[in-house]
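Nothing in this text is a laboratory measurement; each read-out follows from the coordinates by a stated rule. From a predicted model like this one, the values you see are computed outputs, not experimental measurements. Every residue, glycine as well, gets a Cβ built from its backbone with ideal geometry; the counts of neighbours run over all protein chains shown.
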Amino acid sequence: AQKVTQAQTEISVVEKEDVTLDCVYETRDTTYYLFWYKQPPSGELVFLIRRNSFDEQNEISGRYSWNFQKSTSSFNFTITASQVVDSAVYFCALTEGRAGNNRKLIWGLGTSLAVNP
Amino acid sequence: GAGVSQSPRYKVAKRGQDVALRCDPISGHVSLFWYQQALGQGPEFLTYFQNEAQLDKSGLPSDRFFAERPEGSVSTLKIQRTQQEDSAVYLCASSLSVAGVGGELFFGEGSRLTVL
């Protein structure tokens with residue numbers, strides 16, 4: 001069965017520290033999509049990245065980077081030089097199938113990140 | 001604004017009351033989703049619309065939950081005879097692509113329902 005595990009419930013760091021949020025997934029399918037979303041205190045979920053199972057290249061976007069490793073079924077998210085504005089709950093999510101159908105996103109429980117000044 | 005708008009942001013209901021939650025998606029977005037997010041949990045899929053057609057309602061927890069999108073834009077999630085376990089944040093999301101296929105979901109800020 002599909003499952004997404006975010007083992008870190010809460011992380012607290014001091015500003016400018018690097019922080020990595022772990023995501024481990026389980027799926028029966030060979031074709032699937034992985035997502036990261038950010039949920040700030042205001043409540044709306046903000047899309048960060050989508051990665052398909054055939055693309056294992058790591059991705060960097062500014063201070064954000066993602067490490068996708070199929071061998072360990074992990075899709076970890078690193079924030080470099082964290083800032084107070086990064087404080088939020090971060091969710092990893094999975095969907096199966098070629099189309100990357102968002103309808104059946106399976107979500108982890110989220111990691112609450114607190115970046116302190 | 002240009003984003004997904006939900007109202008009310010907060011709703012307190014007495015057990016047994018009916019409630020209606022509204023979602024204004026981004027203009028032109030074909031796909032609309034409703035999710036339920038309990039405290040400390042990730043979102044759980046409720047239902048999906050493609051334009052005005054409700055193509056998937058497999059996530060609705062009971063027949064007390066009903067959603068509609070009659071003109072393919074604004075959607076309403078109605079919960080009849082609310083119970084305490086219905087307390088959650090109800091998130092609406094829209095996407096430009098069909099079924100949200102491969103596309104980015106844009107979420108509203110949610111409607112927080114508390115049933116006393």
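Can you give the FRET efficiency for A:Val14 and B:Arg9, using 1/(1 + (r/R0)^6), R0 = 41 Å, r = Cβ-Cβ distance, to the nearest 0.05? Kindly include the intermediate steps, with their values, before the conclusion.
Values: r = 32 Å, r/R0 = 0.79.
Computed FRET efficiency for A:Val14 and B:Arg9: 0.80.
Here chain A is described by how far its Cα atoms reach on the three principal axes: 43, 27, 22 Å, from widest to narrowest. Counting charges near B:Gly3 (Lys, Arg +1; Asp, Glu -1) among other residues having Cβ under 10 Å from its Cβ returns a value of -3. When the charge dipole of segment B:1-62 is built from unit charges on Cβ atoms (+1 for Lys and Arg, -1 for Asp and Glu) and taken about the Cα centre, the candidate among B:Tyr10, B:Ser58, B:Phe45 whose Cα reaches farthest toward its positive end is B:Tyr10. Amide H contacts under 5 Å for B:Thr47: B:Trp34, restricted to partners 5 or more places along the chain or on a different chain, H placed in the peptide plane at 1.01 Å from N. The Cα atoms of the protein assembly as shown give a gyration tensor whose axes a ≥ b ≥ c have a/c of 1.5 or more with a/b greater than b/c, which makes the shape prolate.
For chain B, just say rounded, prolate or oblate: build the C-alpha gyration tensor, square-root its eigenvalues into a ≥ b ≥ c, call rounded for a/c under 1.5, and beyond that prolate if a/b exceeds b/c, oblate if not.
On the way: a/c = 1.75, a/b = 1.63, b/c = 1.07.
Note, shape of chain B comes out prolate.
Please count, across chain A, the pairs of lysine residues with Cα atoms under 22 Å apart that sit 8 or more places apart or on different chains. Each step should come with its number before you reach the end.
On the way: A:Lys3/A:Lys38; A:Lys3/A:Lys70; A:Lys3/A:Lys104; A:Lys16/A:Lys38; A:Lys38/A:Lys104; A:Lys70/A:Lys104.
Taking chain A as the scope, the lysine pair count is 6.
Averaging Cα coordinates gives a centre for segment B:37-116 and one for segment A:1-65; these two points are 23 Å apart. Name the residue from B:His29, B:Ala88, B:Leu105 whose Cα lies farthest towards the positive end of the charge dipole of chain B, charges +1 on Cβ of Lys and Arg and -1 on Cβ of Asp and Glu. Selected residue: B:Ala88. For the peptide A:38-47, the mean number of other protein chain Cβ atoms found within 10 angstrom of a residue's Cβ is 6. If you run the Gaussian network model on chain A, springs between alpha carbon atoms under 10 Å, then out of A:Asp22, A:Asp55, A:Asp86 the most flexible one is A:Asp55.
How large is the charge dipole for segment A:1-101, taken about the Cα centre, if only the Cβ atoms of Lys, Arg (+1) and Asp, Glu (-1) carry charge, to the nearest 20 debye? Provide the component values of the computation, followed by the final result.
Details: 9 positive and 13 negative charges, 55 e Å.
Charge dipole of segment A:1-101: 260 debye, to the nearest 20.
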